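In what follows, a single structure is set out as structure tokens and then discussed.
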Amino acid sequence: MKDDGIVPPHLTELAIQWDVCYEVLDIEGVIAGMGDGAWERFAGPVARLARLIPDDVLLGYHFCYGTFPEWPMYEARDMGLVVRMANHAVASSGRTVDWVHLAGPRYLRSEDASFFRPLANLQVGHARVYLGIVLPLDSVAGLQRRHATATRYLGDFGVAMYCGFGRQPGVDGMETMREHRRVVQSLVANYG
């Protein structure tokens, strides 16, 4: 910091996460009345808008199936669509993409290899991959099973909640964050 207390612009940090939920649902055909052109409604803005974000701003994409009124709003048969969308977003952004977050399964499909198999086709360059496989349904045991299944198709990834913390159980946000940490630390303890 300078003596005047103003942070120089090159030291400020900003990250933008593009929440790609509505577009996923649109392409899946679960949003009524949208008509043709779902892929273009996703692809066009990615190609136009991402390149307008300055290079010193981190950029990530979050691909999921929504959480309102329950999560997910639609249960995908596999990760094929979000993998395809992530590949396209990274290739078409016209700038570095720092991370992608892909929602995992919701309903106890931890060992469903066919769900995770499309991860073998993920091509996001140097973008860090986070899989939304931490679920409040089955805690540590479920995360460990999903992690083991996903690693058959993708070697290096971080883990995260399925889709944010806003609708997770817990008395307050701190309790939810403590539970998230406990579950993820158990994975680190077992897999290093």
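The values are calculated or read from the model by the stated rules, or taken from the named source; none is laboratory data. Please read these numbers as outputs of a predicted model, since none were measured by experiment. Positions of Cβ are generated from backbone atoms using ideal geometry, with glycine treated the same way; all protein chains shown enter the neighbour counts. For the accessible areas, the whole protein counts, side chains as well, though only heavy atoms, and no ligand, DNA or RNA atoms are used. Shrake-Rupley method; radii C 1.70, N 1.55, O 1.52, S 1.80 Å.
Do you know which residues across the stretch 1-20 are closer than 26 Å to TYR162 by Cα and modelled with pLDDT under 90? Steps first, please.
So in the stretch 1-20, the residues closer than 26 Å to TYR162 by Cα come out as 13-20.
Passing the criteria: only GLU13.
Check ARG181 against each of (1) more than 16 Å from the chain's Cα centre (by Cα); (2) at pLDDT 95 or above; (3) closer than 23 Å to ALA15 by Cβ and name the one condition it does not meet.
The single condition ARG181 does not satisfy is (2).
Are any residues in the stretch 131-141 surrounded by fewer than 21 Cβ atoms within 10 Å (Cβ to Cβ) and either in a helix (DSSP H, G or I) or modelled with pLDDT of 85 or more (or both), and if so, which ones?
Initial filter on the stretch 131-141 (surrounded by fewer than 21 Cβ atoms within 10 Å (Cβ to Cβ)): 136-141.
Within the stretch 131-141, SER139, VAL140, ALA141 meet the criteria.
Which fully enclosed strands (runs of 3 or more DSSP E) of the stretch 15-121 have 1 or more residues being within 29 Å of ARG152 (Cβ to Cβ) and either among the β-branched types (Val, Ile, Thr) or over 18 Å from the mean Cα position of the chain (by Cα) (or both)?
So the answer is 15-20, 99-103.
Given the criterion open to solvent by 50 Å² or more (accessible area, probe 1.4 Å) and of a type in the set (A, V, I, L, M, F, W, C), identify the matching residue among ALA120, ALA43. Break it down stepwise before answering.
Working: ALA43 fails: open to solvent by 50 Å² or more (accessible area, probe 1.4 Å).
Just a single option satisfies the conditions, and that option is ALA120.
Could you please give the count of residues in the stretch 142-161 that are at pLDDT 90 or above, within 16 Å of the chain's Cα centre (by Cα) and not in a loop (DSSP other than H, G, I, E, B)?
5
Does VAL24 fit the bill of being modelled with pLDDT under 95 and either in contact with a helix residue (DSSP H, G or I) (Cβ under 7 Å, 6 or more places away or on another chain) or buried (at least 17 other Cβ atoms within 10 Å of the Cβ) (or both)? Walk me through how you get there before you give the answer.
On the way: modelled with pLDDT under 95: yes; either in contact with a helix residue (DSSP H, G or I) (Cβ under 7 Å, 6 or more places away or on another chain) or buried (at least 17 other Cβ atoms within 10 Å of the Cβ) (or both): yes.
Spelling it out, VAL24 is indeed modelled with pLDDT under 95 and either in contact with a helix residue (DSSP H, G or I) (Cβ under 7 Å, 6 or more places away or on another chain) or buried (at least 17 other Cβ atoms within 10 Å of the Cβ) (or both).
Of the residues that make up the stretch 115-130, is at least one aliphatic (A, V, I, L, M) and at pLDDT below 90? Walk me through it before giving the result.
Here is the first cut: in the stretch 115-130, the residues aliphatic (A, V, I, L, M) are 119-120, 122, 124, 127, 129.
Subsequent filtering for residues that are at pLDDT below 90 retains none.
Taking every residue of the stretch 115-130 in turn, none turns out to be aliphatic (A, V, I, L, M) and at pLDDT below 90.
Could we say that GLY94 is touching a Lys or Arg at 6+ places or on another chain (Cβ under 7 Å) and not basic (Lys, Arg) here?
Numbers: touching a Lys or Arg at 6+ places or on another chain (Cβ under 7 Å): yes; not basic (Lys, Arg): yes.
Yes; evaluated as a whole, the condition is true for this residue.
Looking at the stretch 47-75 only, could you name the residues that are among the small types (Gly, Ala, Ser) and open to solvent by 10 Å² or more (accessible area, probe 1.4 Å)? Reasoning before the result, please.
At the first step, the residues of the stretch 47-75 found to be among the small types (Gly, Ala, Ser) are 47, 50, 60, 66.
Listed by number, the list holds a single entry, ALA47.
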